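**Student:** What follows is a single structure, and I will ask about it in a moment.
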Amino acid sequence: MAATADDVAARPHLLRILGAVFGVAVGVGSMIGAGILRTPGSVAHSVPAYWWIIGLWAFAAVHCALTANIWAELFTALPKAGGPYVPLRRIFGNLAGLLAGVCDALNSSASIAALALAGVDFLSLTWPAAHGYPVTLASAIIAALFGVNALGIREGRAAQIAMTAIKVGLLLLIVLATSLLPPADPVPVRDLAPAIGLAGIIAAYQLVSGAYAGWSNGVYFAEEDIAPSRNIPRALFGSIVGVGLLYLVINFCLLRVNSVAGLGAQDIPVGALIARLTGGAGPALLGITGFALIIGCCHANMMVAPRIIFGLSRDGLLPRIGAQVSRSGTPQVALVLITLASAALAMTGSFEAAFRLVATTGVALALVLDLAFFALRLREPALPRPYRARFYPWLPALAVLLDFAFLASILWFDPLSGLITLGTLGGVSIVWLAVRRLRRGAPQAT
């Protein structure tokens with residue numbers, strides 16, 4: 001017997017209860033993590049000049065905003081769960097959608113594993129015994145985040161907003177406390193204009209861009225937003241502007257109390273700053289701060305990834321079981337799959353091994369999505385677009401050029417990331433084509 005409309009409506013489904021506050025919280029919470037603790041020193045080492053450092057951090061925010069101008073149109077026109085795979089499938093077909101979705105979910109799982117391992121590293125600064133059990137504790141972190149999200153979307157929403165508020169509060173407290181420190185000695189004029197090479201600029205910009213990663217995570221919840229046409233642009237641009245200003249203020253503070261050379265010599269500049277402010281309690285407080293920042297990122301990824309699996313499964317690109325939703329609004333089977341995949345990656349015990357999977361696919365995905373935007377404009381000009389990209393086609397074209405240049409630079413300086421990406425895409429393509437052939441060859445039921 002075919003299901004009636006009332007039967008379908010009664011089934012558990014995603015709950016439309018989210019708003020702009022959550023969208024900003026998941027975007028900001030995804031961006032602010034270990035990157036801002038470590039990256040400023042590495043950037044200063046690669047480009048040892050004051051205004052180059054500030055300029056790169058500001059330019060990265062502008063770059064994100066240019067891309068957000070495109071994504072805001074795409075995801076208000078197509079407000080479905082699943083993220084970038086949704087428009088890519090509509091424009092380029094099922095295989096392109098599957099490739100995008102699988103790589104996106106894989107990246108999220110690898111990010112969860114890498115962040116959990118990094119969280120244990122910071123936790124060990126406060127609790128030294130944690131250093132001996134990285135895999136066990138990372139798995140425990142993943143299990144705890146699974147538990148929060150298994151309760152339902154309301155609990156996940158509350159946890160993400162709270163975690164984001166805590167991490168922003170900690171960083172603002174550090175910024176305010178920096179005013180108690182004396183400024184660094186002035187730099188001699190002859191040292192103000194060191195030679196800056198292209199390789200150094202690209203390396204620094206890759207690090208800065210990584211610190212902004214996650215600004216787009218609000219789009220994965222478009223189907224659960226009470227007013228996606230209004231809230232998605234607010235979440236995207238609000239996250240970028242808020243975090244961009246915070247990152248600039250943090251870098252201004254670091255450069256106020258350090259010379260450029262001194263900043264470039266520090267592995268964890270914010271940690272050194274905390275140590276100067278608190279003395280012997282510095283390492284323990286750094287551990288707490290780092291752990292709080294990382295857990296918020298990890299939780300955001302734990303919320304995002306199941307929505308990808310849910311969308312792929314509902315559209316028939318993965319087994320339909322992945323589209324099951326609990327009555328509390330959680331894609332429960334997808335959440336279990338992402339948790340198991342993340343825990344398996346965490347068992348490598350290596351932050352680097354897990355993080356390699358995240359290297360290039362995110363940039364490649366952004367570029368392909370930019371191209372899908374133009375294709376959708378040409379193919380479906382009458383499609384309702386609650387938000388229309390500003391200054392079309394010039395600003396969107398600039399975003400395409402920047403994303404292409406960024407991807408090319410990564411592939412040039414880090415070809416291994418390209419090979420990992422191509423291998424992943426190739427493997428998924430082979431499986432997809434094999435399944436299609438088997439389905440075509442199977443006898444039809446009579």
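**Student:** How many of the residues in the stretch 273-290 are in contact (Cβ under 8 Å) with a residue 12 or more places away in the chain and over 13 Å from F122 (Cα atoms)?
**Tutor:** Residues meeting the conditions: 4.
**Student:** Would you point out which residue out of R377, R388 is over 19 Å from A211 (Cβ atoms), basic (K, R), modelled with pLDDT of 80 or more and in a loop (DSSP other than H, G, I, E, B)?
**Tutor:** Going through R377, R388 in turn, the sole match is R388.
**Student:** In the stretch 223-249, which residue that is assigned to a helix (DSSP H, G or I) and among the β-branched types (V, I, T) is nearest to I174 (Cα to Cα)? So that I can check it myself, show each step before the final result.
**Tutor:** Of all residues in the stretch 223-249, those assigned to a helix (DSSP H, G or I) come to 223-224, 228-249.
Remaining after also requiring among the β-branched types (V, I, T): 232, 240-241, 243, 249.
Working: I232: 30, I240: 21, V241: 20, V243: 15, V249: 11 Å.
It comes out as V249.
**Student:** Still on this structure: Which of the residues spanning the stretch 67-123 are closer than 30 Å to L285 by Cβ and at pLDDT below 85?
**Tutor:** Matches in the stretch 67-123: A110, S111, A114.
**Student:** What is the one condition in (1) more than 30 Å from H13 (Cβ to Cβ); (2) of a type in the set (A, V, I, L, M, F, W, C); (3) surrounded by fewer than 23 Cβ atoms within 10 Å (Cβ to Cβ) that F291 does not satisfy?
**Tutor:** Condition not satisfied by F291: (3).
**Student:** Sticking with this one: Could you grab the pairs with beta carbons closer than 6 Å, sequence gap of 6+ or different chains, first residue in the stretch 174-192 and modelled with pLDDT of 60 or more, second one not in a helix (DSSP H, G or I)?
**Tutor:** Partner pairs satisfying both residue conditions: A184/N258; A184/S259.
**Student:** Anything in the stretch 7-16 that is assigned to a loop (DSSP other than H, G, I, E, B) and either in contact with a Lys or Arg (Cβ under 7 Å, 6 or more places away or on another chain) or modelled with pLDDT under 90 (or both)? List them, or say none.
**Tutor:** Result: R11, P12, H13.
**Student:** Read through the list (1) touching a residue at least 12 places away in the same chain (Cβ under 8 Å); (2) surrounded by fewer than 23 Cβ atoms within 10 Å (Cβ to Cβ), then give the number of the only condition that P87 fails.
**Tutor:** In the conditions (1) touching a residue at least 12 places away in the same chain (Cβ under 8 Å); (2) surrounded by fewer than 23 Cβ atoms within 10 Å (Cβ to Cβ), P87 misses (2) alone.
**Student:** Here's a follow-up. Of the residues I166, I141, I153, which is modelled with pLDDT of 90 or more and either touching a strand residue (DSSP E or B) at 6+ places or on another chain (Cβ under 6 Å) or surrounded by fewer than 21 Cβ atoms within 10 Å (Cβ to Cβ) (or both)?
**Tutor:** So the residue among I166, I141, I153 that is modelled with pLDDT of 90 or more and either touching a strand residue (DSSP E or B) at 6+ places or on another chain (Cβ under 6 Å) or surrounded by fewer than 21 Cβ atoms within 10 Å (Cβ to Cβ) (or both) is I166.
**Student:** Would you mind stating whether R327 is basic (K, R), modelled with pLDDT under 95 and in a helix (DSSP H, G or I)?
**Tutor:** Considered against the rule, which asks whether it is basic (K, R), modelled with pLDDT under 95 and in a helix (DSSP H, G or I), R327 comes out as no.
**Student:** Additional query: Condition first: surrounded by fewer than 23 Cβ atoms within 10 Å (Cβ to Cβ) and not aliphatic (A, V, I, L, M). Now tell me which residues in the stretch 58-75 satisfy that.
**Tutor:** If the condition is that a residue be surrounded by fewer than 23 Cβ atoms within 10 Å (Cβ to Cβ) and not aliphatic (A, V, I, L, M), then F59, H63 are the ones that fit.
**Student:** Kindly indicate the residue of the stretch 169-184 that is loosely packed, with under 13 Cβ neighbours inside 10 Å and in a helix (DSSP H, G or I) and also farthest from the chain's Cα centre (by Cα) among those meeting that condition. Outline the logic, then answer.
**Tutor:** First pass over the stretch 169-184, keeping only residues loosely packed, with under 13 Cβ neighbours inside 10 Å: 169, 173, 176, 179-180, 182-183.
Now drop any that are not in a helix (DSSP H, G or I), which leaves 169, 173, 176.
On the way: G169: 20, L173: 24, L176: 27 Å.
Filtering first and then ranking leaves L176.
**Student:** Search the stretch 72-122 for residues being among the polar types (S, T, N, Q) and under 15 Å from L369 (Cβ atoms), and hand back the single one that is farthest from the chain's Cα centre (by Cα).
**Tutor:** Selected residue: T76.
**Student:** Quick one: which residue in I294, I268 is under 26 Å from the mean Cα position of the chain (by Cα) and at pLDDT below 90?
**Tutor:** Only one candidate passes the filter, namely I268.
**Student:** Continuing with the same structure: Of everything in the stretch 119-137, what is within 16 Å of A346 (Cα to Cα) and not in a helix (DSSP H, G or I)? Give them in sequence order.
**Tutor:** Y133
**Student:** Have a look at A116, A138, A150, A159 and point out the one that is over 25 Å from G218 (Cα atoms) and in contact (Cβ under 8 Å) with a residue 24 or more places away in the chain.
**Tutor:** Numbers: A116 fails: over 25 Å from G218 (Cα atoms); A150 fails: over 25 Å from G218 (Cα atoms); A159 fails: over 25 Å from G218 (Cα atoms).
Only one candidate qualifies: A138.
**Student:** I want to confirm something. Restricting to the stretch 237-268 and keeping residues that are more than 18 Å from W51 (Cβ to Cβ) and either touching a Gly at 6+ places or on another chain (Cβ under 6 Å) or not aliphatic (A, V, I, L, M) (or both), which single residue is surrounded by the most Cβ atoms within 10 Å (Cβ to Cβ)?
**Tutor:** Here the residue is S239.
**Student:** Next up: Specify the residue that is surrounded by the most Cβ atoms within 10 Å (Cβ to Cβ); the eligible residues are those in the stretch 202-220 that are within 14 Å of the chain's Cα centre (by Cα), hydrophobic (A, V, I, L, M, F, W, C) and part of a helix (DSSP H, G or I).
**Tutor:** V219
**Student:** Can A150 be described as touching a Phe, Trp or Tyr at 6+ places or on another chain (Cβ under 7 Å) and among the hydrophobic types (A, V, I, L, M, F, W, C)?
**Tutor:** Values: touching a Phe, Trp or Tyr at 6+ places or on another chain (Cβ under 7 Å): no; among the hydrophobic types (A, V, I, L, M, F, W, C): yes.
In short, no.
**Student:** Of the conditions (1) at pLDDT 90 or above; (2) assigned to a loop (DSSP other than H, G, I, E, B); (3) not hydrophobic (A, V, I, L, M, F, W, C), G316 clears all except one; give me its number.
**Tutor:** (1)
One line per residue, one yes/no per condition, for (1) touching a helix residue (DSSP H, G or I) at 6+ places or on another chain (Cβ under 8 Å); (2) closer than 19 Å to V257 by Cβ; (3) not charged (D, E, K, R):
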| position | (1), (2), (3) |
| --- | --- |
| G279 | no, yes, yes |
| G282 | yes, yes, yes |
| C297 | yes, no, yes |
| A300 | yes, no, yes |
| A323 | yes, no, yes |
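Listed here are the residues, each with its yes/no results for (1) among the aliphatic types (A, V, I, L, M); (2) within 30 Å of T76 (Cβ to Cβ); (3) touching a strand residue (DSSP E or B) at 6+ places or on another chain (Cβ under 9 Å); (4) modelled with pLDDT of 85 or more.
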site: A5; (1), (2), (3), (4): yes, yes, no, no
site: F22; (1), (2), (3), (4): no, yes, yes, yes
site: G33; (1), (2), (3), (4): no, yes, no, no
site: S46; (1), (2), (3), (4): no, no, no, yes
site: G55; (1), (2), (3), (4): no, no, no, yes
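The values are calculated or read from the model by the stated rules, or taken from the named source; none is laboratory data. Just so it is clear, the model here is predicted, and its values are computed rather than measured. Note that each Cβ is placed from the backbone with ideal geometry, even for glycine, and that neighbours are counted across all protein chains shown.
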